[in-house]
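Down below is the structure, laid out as structure tokens.
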Amino acid sequence: MSVTIDDILAAQKKVSPFIQETRQRKAQTLSHITGANVFLKFENRQFTASFKERGALNKLLSLTDAEKKAGVIAMSAGNHAQGVAYHASRLGIPATIVMPTNTPMVKVERTEEHGATVVLHGDVLAESAAFAHQMGEDKGYTFIHPYDDPYVIAGQGTVALEMLEGLPNLDALVVPIGGGGLISGCAIAAKAIKPDIEIYGVQSELYASMHDILAGREPVCGGSTIAEGIAVKYPGEITRKIVREQVEEILLVGEGDLENAVSLLAGIEKTVAEGAGAAGLAAMIKFPDRFKGKNVGLIVSGGNIDQRLLATVLMRDLVRQGRLARLRISLSDRTGELARVSSIIGENGGNIVEVSHQRVFTHVSAKDTCIEVALETRDEAQLHVIVGKLEAEGYPVQLL
């Protein structure tokens with residue numbers, strides 16, 4: 001293979017003085033939920049909140065003095081951009097990052113804050129990548145690939161070295177897959193140390209590119225996913241060969257699975273994970289039989305999630321649990337009815353957080369009205385009790 005355990009051990013010596021050896025520990029509650037012994041590796045605690053620093057730094061340290069002086073270029077709209085920008089700046093290497101024109105300004109600003117020059121070009125990543133390669137050739141910059149590079153793969157493999165040094169009894173690793181750099185490096189490292197360890201990859205159902213290619217199908221990818229960090233339409237040429245040889249299975253998870261995993265990590269582990277960073281946990285919950293009774297290492301690969309998106313995910317999870325609900329209630333348009341409905345909800349443990357009254361845009365009788373009530377409850381069972389009490393008192397209820 002193009003990357004060996006010796007390459008990864010060499011990378012560890014080079015990068016370890018400059019990155020966090022992130023903590024790892026057993027997740028008691030998640031272990032109970034999944035039926036396995038779950039051990040989390042918090043790569044979301046790196047300075048740029050992603051494992052991507054490891055591979056980017058290893059590649060930067062491999063450059064000749066002339067290459068460092070000339071500068072580097074990368075294409076990324078996310079974590080790779082920040083990893084390259086931060087370590088290039090720290091090493092005194094000029095860095096240019098090409099991003100699509102629709103990249104959120106917060107990501108552009110963060111990358112610039114790390115000292116890189118940001119160039120916005122192209123509507124999609126493929127256009128940005130082609131421009132970055134051409135610009136690099138024209139100006140003599142070294143291109144830092146986000147995943148399909150032996151130095152990058154070796155750098156990412158240091159995650160598994162740290163995990164198995166601290167947790168030698170792991171039976172399996174579950175690793176998110178985008179382009180395949182992280183899982184390639186981790187698989188080579190882990191199997192060199194412990195040949196019988198099982199390696200599982202995880203992809204979003206909407207971007208199952210590595211899964212499809214290894215199955216002999218042309219990938220059909222697209223759609224909006226909260227796991228944008230692994231939303232890669234074509235994995236690397238180097239990485240797909242390594243994954244084919246080293247990985248037991250690639251598991252696919254849906255958007256609901258990813259949202260649930262992000263919420264569990266926030267609510268139980270008190271850690272912020274982006275969608276890609278929560279993919280491993282999503283797979284363990286969706287496919288518990290694969291992991292029951294095993295010691296499983298999960299890599300929380302990144303924590304760069306937009307605050308508004310995180311808030312939406314957490315609120316949607318409350319809705320799925322029945323702890324936050326919106327009811328449409330029909331009632332007579334007369335004095336005291338709203339107070340009576342409010343009393344029924346309150347007496348049965350509900351907390352009203354919002355009420356809207358509708359007399360015009362409704363199909364009820366002109367002598368009647370309807371209200372939409374947002375309320376908090378303890379759980380889904382309590383919500384059903386409230387709905388039942390309202391209907392028993394003659395108020396038709398629709399759960400929205």
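Here, each number is a calculation from the coordinates, and none is a lab measurement. Keep in mind that this is a model prediction, so the values were computed, not measured. We place every Cβ from the backbone using ideal geometry, glycine too, and count neighbours over all the protein chains shown.
So here's what we get for this one:
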| item | result |
| --- | --- |
| Extension gain from Leu61 to Leu309, taking 0.36 nm per residue of separation minus the Cα-Cα distance | 85.8 nm |
| Mean projected area (nm²) of the alpha-carbon convex hull when the range 323-399 is viewed from all directions | 4.5 nm² |
| Amide H contacts of Thr142 (H built 1.01 Å from N, under 5 Å, at least 5 apart or other chain) | Gly71, Val72, Ile73 |
| For the range 124-251: rounded, prolate or oblate by the Cα gyration tensor [a/c cutoff 1.5] | oblate |
| Matching label, semi-axes √(5λ) of the Cα gyration tensor in Å computed from the structure shown, candidates [x] 52, 28, 21; [y] 47, 25, 18; [z] 40, 25, 20 | [y] |
| Surrounding net charge for Leu120, when Lys and Arg each add one and Asp and Glu each subtract one, Cβ distance under 13 Å | -3 |
| Relative contact order %, the range 21-87, counting alpha carbon pairs below 8 Å whose residues are six or more apart | 29 percent |
| Relative contact order for the chain, counting Cα pairs under 8 Å that sit 6 or more residues apart, in percent | 15 percent |
| In the range 1-89, trypsin sites (Lys or Arg not before Pro) in a DSSP loop with at most 15 other beta-carbon atoms within 10 Å | Arg23 |
| The chain: angle of helix 125-139 to the longest principal axis, Cα-based, in degrees nearest 10 | 30 degrees |
| Summed side-chain charge close to Arg316 - residues other than Arg316 whose Cβ falls under 12 Å, Lys, Arg +1, Asp, Glu -1 | -1 |
| Calculated Rg and Dmax of the range 52-143 using C-alpha coordinates, Å | 11.9, 35 |
| Mean separation of Cα contacts under 8 Å (6+ apart) over length of the range 323-399, as relative contact order % | 46 percent |
| Helix-derived mean residue ellipticity, 222 nm - over the chain, DSSP H n ≥ 4, -39500 (n - 2.57), to 500 | -13500 deg cm²/dmol |
